[in-house]
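Chemist: Here it is: the structure, laid out below.
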Amino acid sequence: MRIRKLLFSILATGLALLLAAPVVVADDHDREIRLTISSDKTTYAPGETVKLSVTARYKDGKLVKEVDKAEVSVYDPTGARKVDKAKMTKVGDGQYKYDYRLSSSAKTGDWRFKVKIEDKDDNKREENYYVNVASGGGGPVDNDGDGYDSSQDCNDNDPSIHPGAAEICGDGVDNNCDGSVDEGCGGGGGGGGHASLTWSDYPSACIACHPNQANAVASSTHYRWLGLAADMVNQPGTQQGKLTNAVNSYCINILGDWPVCGSCHVGRGLRPDDPQAGLENIDCLMCHNGEYALARVRLADGSMGPPEGTPQATLDGYVQNIGKPTRTSCLKCHANAGGGNAVKRGDLSMELIANSDASFDIHMSTSGGDKACQSCHVFNNHKVIGKGSDLRPTDDPSRGAEVACTTCHAGKDGSNGHSTSKINLHVDRVACQTCHIPTYAKVATETHRDWRFHHDGSPADGASGPGHPHLTTGQNLVPDYLWWNRTSDNYLLGDDALLTYDPERDTWPTSRPLGGFYQGASKIYPFKYKTADQPKTVSDHRLIALDTFEYLKGSGDVVKAIQNGLVNMGYAANTAYEWVTTDTFQLLNHGVEPKSAALNCSDCHDGSGNSQLRMPFDQLGYHTWPAKVKSCTLCHGSKSMGWQQMHEKHAEGMKLDCNGCHGGEPTGFVEPPTSNGLCNNCHGGKNYDKSQDLHKRHADKGRAQCDDCHTF
């Protein structure tokens, strides 16, 4: 005879008499819905569009996939209803958006957006979300009424000029706001606006014709090397970036070494915070002429430009041949970060400029998408979207930091986005990159740096002069996998490193992605892991900004470089220090391979339920449940089936959460299971004389989790 289900295991505890009486149940369990509501910004001006995003989840974190109603009503500051129960647009399971265009005469004050989500079982949730409308102070407006506001329109006083407009040849105007004048018009090299230019016109001609663009660049992270860092948990209100306080496990910090570290800055030699650095310090050609970008060097006077002795015709050609940024322009700096090709990022190298192997990078290879960087890293008013987990500032906070794969691959994050149901089960918790970047470092990348020795292994004692620190590199590496909620804890210059010391690894982190097992928006992402031997003060645990100019271009003596660094930081040169190992995790986004090369189930799972293959399930939290699974006969008679079949039946078919089978067995009820007790918390209605039906109606059909009714 089948042993009674979980409910009957409790009868032996003395509750049999309670269960013998008829109880009241309902067809559906009231699963609490929780909403996350956000907008592209919090303050708007009349005439702007409020872009609302809504995510609906049950209290267990699962997305609300089957929704009957997804509505929003809009109220102005007086309480007048402007929109009544408008249907929101579904963009994925449990995810909706709604755009509301404020009129040019919109009232100022707090506008209320009342959002309502109701699932197929009549479970519902209503929440209010507020945005502020401020007259003239809410941000960019569309002055000329051409559909593009001043953050997008390079001339918001002329409706014929806007992104996407036709380029008018010979007028010397950037009609389509792409940063180029008269492109595609023929003529000598760069077209009507550039063909007559000579090197002596640079950069004055750029600033004269494109003052708005020049000012936009001057306020961008690309130029300032500083910005807001909303996704950094360490001092998010502080301006952060490479120019001042960022510390990493490569060249540590810029303090004392602008000449070397600033060689990839999009300026013409001066620091962006130098009082003498005006718009003429912006080096437009670094982005708009790839050949110039490859040739540019630090000159004897400290400025940046073509090498001495460059022929006049070549110089003139730089300013006459202007175009949109190419992979060459971008990779000159981004692929050579950290001191050489592919050294830092692990997924970027100069080979991406003209690589024809689709397996190298399906997006950028000439036989694949052949995409320019800005195809994904879209610029808006010279501010770009997208950055690594270890980078502090967000260039355009209104758009955020993420380049979403679904921008091009719409629907792939949904429950039916892939043709294989098994893959669709993963998309809520596994990032696209995890499966589609099986390896990184297709060109060898740095995995460890030791400043005590030079690149050739000789001691960095000054005897052999300056040089690069000793590097350990690796190629075709398997990523490290971590939960990440898209926020990070990054070390800043002057922080107490002891606060983030990792005793398990015995490392002093400079960048750690945050997140955890099924916590909030966390997903599993692939990362490059990198360590370095760096100096740290003994008394107060500050990582020392070793003077890299002294090391790389001066004496090459690491002790002198440390002493200089201590003085630069305000310490005495003889302050006691020690060598420690720092580490950093860096998000991998590039090097996506063709879909045929994506990871298969067997790459991570061996069917045992305790796989130890590519994916570190133990470290990710999957195998930290109690080793003993609850007795199967606690709920039903003994059955024989494989682990995978068993897991699919319970987790996917019956919708039980992990605690349904793992963990301790129940000790009792949350409340007495009577019609006016526990059962009354969720419903009222039908009576059942047969108490053995209760467990089937609740647990077997996925309407309740064990801890909804039982204590453990």
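Chemist: With a Förster radius of 35 Å, plug the Cβ-Cβ distance of L498 and L613 into 1/(1 + (r/R0)^6) and report the FRET value to the nearest 0.05. Could the numbers behind the result be given before it?
Modeler: On the way: r = 36 Å, r/R0 = 1.03.
After rounding to 0.05, the efficiency reads 0.45.
Chemist: A further question on this structure: Can you give the % of DSSP beta bridges in the chain that are antiparallel, to the nearest 5?
Modeler: Taking every DSSP beta bridge with both residues in the chain, the antiparallel ones total about 90 percent.
Chemist: Further question on the same structure: Identify which of the listed values of Kirkwood radius over Cα pairs in Å was calculated from the structure shown: (i) 32.6; (ii) 31.4; (iii) 29.4.
Modeler: (iii)
Chemist: Ok, one more. Students sometimes get this wrong: rank Y98, Y44 by accessible area, probe 1.4 Å, all chains present, largest first. Working shown, then result.
Modeler: Numbers: Y98 35, Y44 0 Å².
My answer, sorted largest first, is Y98, Y44.
Chemist: Once the whole set of protein chains is in place, how much accessible area is left on E550, using a 1.4 Å probe, in Å² to the nearest 10?
Modeler: Number for this one is 30 Å².
Chemist: Considering only protein heavy atoms and a probe of 1.4 Å, how much of the accessible area of the chain is carbon and sulfur, as a whole percent? Before the final figure, lay out each step's value.
Modeler: Details: 17060 of 33120 Å².
The nonpolar share, carbon plus sulfur, comes to 51 percent.
Chemist: Tabulate in residue order the Karplus-calculated ³J(HN,Hα) for the stretch 427-444, using 6.51 cos²θ - 1.76 cosθ + 1.60 with θ = phi - 60°, rounded to whole Hz; enter x for Gly and Pro.
Modeler: Going residue by residue, I get 5, 5, 10, 10, 5, 3, 4, 4, 8, 9, 10, x, 9, 10, 6, 5, 10, 3 Hz, with x marking Gly and Pro.
Chemist: Given a 1.4 Å probe and heavy atoms of the protein chains only, how would you sort V670, V427, largest accessible area at the top?
Modeler: On the way: V670 75, V427 20 Å².
Ranked from most to least accessible, the order is V670, V427.
Chemist: Return the long-range amide H neighbours of D93 (sequence gap of 5 or more, or a different chain), with a cut-off of under 5 Å between placed amide H atoms.
Modeler: Amide H neighbours of D93: S415.
Chemist: So, one more: Kindly state, to the nearest 0.05, the FRET efficiency for D370 paired with K97, given R0 = 30 Å and r defined as their beta-carbon distance.
Modeler: Values: r = 31 Å, r/R0 = 1.03.
It comes to 0.45.
Chemist: So, one more: If I model a spin label at E126 and D158 as a point 7 Å from the Cα along the Cα→Cβ vector, what separation in nanometres do I get?
Modeler: 5.1
Chemist: Another question, if that's okay. Once amide H atoms are built 1.01 Å from N in the peptide plane, which residues 5 or more positions from K82, or in another chain, come under 5 Å H to H?
Modeler: Amide H to amide H, under 5 Å and 5 or more residues apart or across chains, K82 pairs with V74, Y75, D76.
Chemist: Which lysines does K383 reach when only Cα atoms under 22 Å apart count, and residues fewer than 8 places away in its own chain are ignored?
Modeler: Partners within reach: K41, K51, K242, K324, K332, K371.
Chemist: Rank S389, S464 by accessible area, highest first, at a 1.4 Å probe radius?
Modeler: Working: S389 0, S464 70 Å².
Most to least solvent-accessible, the answer reads S464, S389.
Chemist: By a straight-distance test (C-alpha under 13 Å), which aspartates and glutamates pair with K553 as possible cross-link partners, with residues fewer than eight away in the same chain excluded?
Modeler: D257
Chemist: Sticking with this structure for a sec: The stretch 500-559: D in µm²/s via Stokes-Einstein (Kirkwood Rh, Cα pairs, 25 °C, 0.890 mPa s)?
Modeler: Details: Rh = 14.8 Å.
Rounded, D is 165 µm²/s.
Chemist: Which order do the peptides 55-63, 401-409 take when ranked by the mean count of other beta-carbon atoms within 10 Å per residue, highest first? Each step should come with its number before you reach the end.
Modeler: Values: 55-63: 17.0, 401-409: 14.8.
Order by mean packing, descending: 55-63, 401-409.
Chemist: On to the next question. Give the accessible area for S200 in Å² (nearest 10); use a 1.4 Å probe, count only protein heavy atoms, and leave out ligands, DNA and RNA.
Modeler: Near enough 100 Å² of accessible area.
Chemist: The stretch 375-522: percent of C-alpha pairs farther apart than 27 Å? Don't jump to the answer; show the numbers that get you there.
Modeler: Numbers: 4675 of 10878 pairs.
Within the stretch 375-522, distances greater than 27 Å cover 43 percent of Cα pairs.
Chemist: Let me ask another. Considering only protein heavy atoms, what per residue accessible area in square angstrom results for the chain with a 1.4 angstrom probe?
Modeler: On the way: 33120 Å² over 712 residues.
On a per-residue basis, 47 Å².
The values are calculated or read from the model by the stated rules, or taken from the named source; none is laboratory data. Note that the coordinates shown come from a computational prediction; the quantities given were computed from them, not determined experimentally. Note: ideal-geometry Cβ built from the backbone for every residue, glycine included; neighbour counts use all protein chains shown. Ligands, DNA and RNA are excluded from the accessible area calculation, which covers all protein heavy atoms including side chains. Shrake-Rupley method; radii C 1.70, N 1.55, O 1.52, S 1.80 Å.
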